[in-house]
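Report on the structure given below.
Derivation of every value follows stated rules applied to the coordinates shown; laboratory data play no part. This is a predicted model, so every value here is computed, not measured. When we count neighbours, we look across all protein chains shown, and the Cβ atoms used for this are built from the backbone with ideal geometry, even at glycine.
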Amino acid sequence: MPVQLIDENNVREMSDLERFVYCENTLKNDPDESKRWDAVWLVGEMIEERDINKEMKQKIADLLEWTLRNDENGVVKHEASFQIAARNLRDKIPVLVDISLNDDSILSKHEAIEALGLMRAFEVKELIRKSLNDPSKDVRETAQFVLKRFARLQGSGEYKPSQYL
């Protein structure tokens, strides 16, 4: 059984649009990074828990990208990368590559690389290889880990998200 985030504002009971707007407003305006982290989780899980249409799925994916590019907190951006990978939002692979190579936060870089590994984004292997020269030991270790995992999983099929990552 997946772990469920405590939802003190009953966001999960809102309609899809209300929930999305609530999360978007929190992410773009709330100074409390713990609330923004919750909003990333709550909007990301909509893809798995609800029968949402393609337009709403794209809005969620775009909001997660916005968070990666604009939030100042590495933990919040870390969660956005995780949600992108957990929901297999493959059109966001370019933003994960950008974050892994250029973000100021070591934590954000690490999780973006790990997300690419989870998604089996074999097509960006050479770009991940650039992170082997990152100043941060943690980023270098993550890149090395993902590249080893790629070598092991190459040809094993496409990643399919599940409640057990």
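Points worth noting:
- Environment charge of residue 91, counting only residues whose C-beta is closer than 12 Å and scoring Lys/Arg +1, Asp/Glu -1: +3
- Between residue 18 and residue 70, the FRET efficiency estimated from the beta carbon spacing at R0 = 30 angstrom works out to 0.85.
- Value of Rg to Rh for the range 37-83 (Rh from inverse mean 1/r over Cα pairs, i.e. Kirkwood): 0.97
- Within the chain, helix-based [θ] at 222 nm, where runs of 4 or more DSSP H residues each add -39,500 (n - 2.57), nearest 500: -19500 deg cm²/dmol
- Largest GNM mean-square fluctuation among 131, 108, 34, using the chain with Cα springs under 10 Å: 34.
- Theoretical gain in end-to-end length, residue 133 to residue 50 [0.36 nm per residue, Cα-Cα removed]: 25.8 nm
- Debye-formula intensities of the chain, expressed as log10 I(q)/I(0) at q = 0.09 Å⁻¹, are -0.29 (one equal scatterer per alpha-carbon, no solvent).
- The radius of gyration of the Cα set in the range 64-129, together with its Dmax, comes out at 10.2, 29 angstrom.
- Computed over the range 11-153: relative contact order in percent, which uses C-alpha pairs under 8 Å that are six or more apart: 17
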